[in-house]
Amino acid sequence: QEVSFQVASYDTSRPLVIDPTLVYSTYLGGNGDDVGQGIAVDTAGSAYVTGFTMSTNFPTFPTASPLQAAYGGGYRDVFVAKLNPGGTALVYSTYLGGSGAEHNNLSAAVGIAVDAAGNAYVTGDTDSPNFPTVNPLQATNAGGVDAFVAKLNAAGSALVYSTYLGG
């Protein structure tokens, strides 16, 4: 249980400082509360971020049809965003939600993973009766708060599948 660094020759009379370099840092959000809660990185270095938003103007890019361009309503929506490897531009960003609340509990997790083809897999919770579903295993909310699992295509423009999971 050790971490070590191999360093080249240096002046041992001076302190050795290992200082990581910040590659990039950026804001992502709109006019309300926006909380990032999950991140995944693909082999090219693009970052996929998910969380929840209460912003009605959360950035939805590219201008060519995001999966869900408008806030679904209710208390919160999930967002899914992909940043280019340099962190200088959004490849896509979209809302994912219905008229109820997505991510009802601040301690609940919203997670994301990405496969080799660039498809994003997102999970969280919803009480929306009209959460967007495609090829669902469970087509309707079973009552109260249900989990959801969604797969977005590599362009972030369509759901491959999305389903409720709950009782």
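The values are calculated or read from the model by the stated rules, or taken from the named source; none is laboratory data. Everything numeric here is computed off the predicted structure, so don't read it as measured data. Methodologically, a virtual Cβ is constructed for each residue, glycine included, from the backbone with ideal geometry; neighbour enumeration extends over all protein chains shown. Areas reflect the complete protein model, heavy atoms only, side chains present, ligands, DNA and RNA absent. Shrake-Rupley method; radii C 1.70, N 1.55, O 1.52, S 1.80 Å.
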Test set (1) in a strand (DSSP E or B); (2) open to solvent by less than 60 Å² (accessible area, probe 1.4 Å); (3) modelled with pLDDT of 90 or more - G118 fails condition number: (1)
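Where residues in the stretch 2-32 are β-branched (V, I, T) and exposed (fewer than 10 other Cβ atoms within 10 Å of the Cβ), which of them is farthest from the chain's Cα centre (by Cα)? Break it down into steps so the answer makes sense when it comes.
Kept after step one, since they are β-branched (V, I, T), are these residues of the stretch 2-32: 3, 7, 12, 17-18, 21, 23, 26.
If we keep only those that are exposed (fewer than 10 other Cβ atoms within 10 Å of the Cβ) too, we end up with 3, 7, 12, 17-18, 21, 23.
On the way: V3: 30, V7: 36, T12: 45, V17: 34, I18: 31, T21: 24, V23: 20 Å.
Ranking the candidates gives T12 first.
Residues in the stretch 48-56: is at least one closer than 13 Å to I112 by Cβ, part of a strand (DSSP E or B) and among the hydrophobic types (A, V, I, L, M, F, W, C)?
yes
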The stretch 121-142: number of residues that are open to solvent by 50 Å² or more (accessible area, probe 1.4 Å), outside any loop (DSSP other than H, G, I, E, B) and touching a Gly at 6+ places or on another chain (Cβ under 7 Å): 1
Residues (assigned to a loop (DSSP other than H, G, I, E, B) and open to solvent by 30 Å² or more (accessible area, probe 1.4 Å)) located in the stretch 143-167: G143, G144, V145, N153, A154, A155, S157, A158, G166, G167
Residues satisfying the stated conditions in the stretch 37-68, i.e. farther than 14 Å from L152 by Cα and either open to solvent by 40 Å² or more (accessible area, probe 1.4 Å) or among the basic types (K, R) (or both): Q37, I39, V41, T43, A44, M54, T56, N57, F61, P62, T63, A64
Enumeration of residues in the stretch 1-44 that are in contact with a Gly (Cβ under 8 Å, 6 or more places away or on another chain) and closer than 14 Å to A120 by Cα: G38, D42
